[in-house]
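Visitor: Take a look at the following structure, please.
The values are calculated or read from the model by the stated rules, or taken from the named source; none is laboratory data. Remember, it's a predicted structure, so these values are computed and weren't measured experimentally. Here Cβ is always computed from backbone atoms with ideal geometry, including for glycine, and neighbour counts include all displayed protein chains. For accessibility, only protein heavy atoms count, side chains too; no ligands or nucleic acids. Shrake-Rupley method; radii C 1.70, N 1.55, O 1.52, S 1.80 Å.
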Amino acid sequence: MTDDAPTSRANIVLHLDNGAEMQFSGRPFAGGSWFDEETGELTRQKLYATESGEHIYSIVTGKGQQRSRRAYRVSLHGEACTINDGRTEMTLDLDMLMLAVRALSGLEKDDAPTLDMVEETLRAANC
């Protein structure tokens, strides 16, 4: 495998609009982009898996010369999840996080993925 391979680990620095820099060693795990024809905005999302077992979710939105750059560091530890945007950090109980995800996405309890499924996906990202 070469250093350019998608699974290669690298030192990454994300410059965010909140004035913070998010630095980590990791690899790209997933990503996607789309263009909204109504607003003229292009959005690019990337998910990184870090060497320390965390995940970084990066969102860059642009329209013309305007850009919005945000990122969130997510780490699971025990029955809690810590989310950090480079400036602010919060820790939530996993049950509360799953409740918020279901509420924000309009899903009923039986429709949403179980915590075991989410944890399995996150573990797979770290392989």
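Visitor: Tell me, what % of the accessible area of region 1-77 is carbon and sulfur with a 1.4 angstrom probe?
Guide: Numbers: 2420 of 5030 Å².
The C+S portion of the solvent-accessible surface of region 1-77 is 48 percent.
Visitor: If each residue of separation counts as 0.36 nm, what is the full-extension length gain between E41 and R69 once their alpha-carbon separation is subtracted?
Guide: Numbers: separation 28, 0.36 × 28 = 10.08 nm, distance 1.31 nm.
Result: 8.8 nm gained on full extension.
Visitor: Taking only protein heavy atoms into account and a 1.4 Å probe, give the accessible area per residue of region 25-89 in Å². Walk me through the numbers before you get to the answer.
Guide: Details: 4040 Å² over 65 residues.
Ligands and nucleic acids excluded, the result is 62 Å² per residue.
Visitor: Here's something else I'd like to know. Within the set of other residues whose C-beta is less than 14 Å from the C-beta of L42, count the net charge using Lys and Arg as +1 and Asp and Glu as -1. Please report the intermediate quantities before stating the final value.
Guide: On the way: positive: R44, K46, K63, R67, R69; negative: D36, E37, E38, E41.
Counting the neighbours of L42, the net charge comes to +1.
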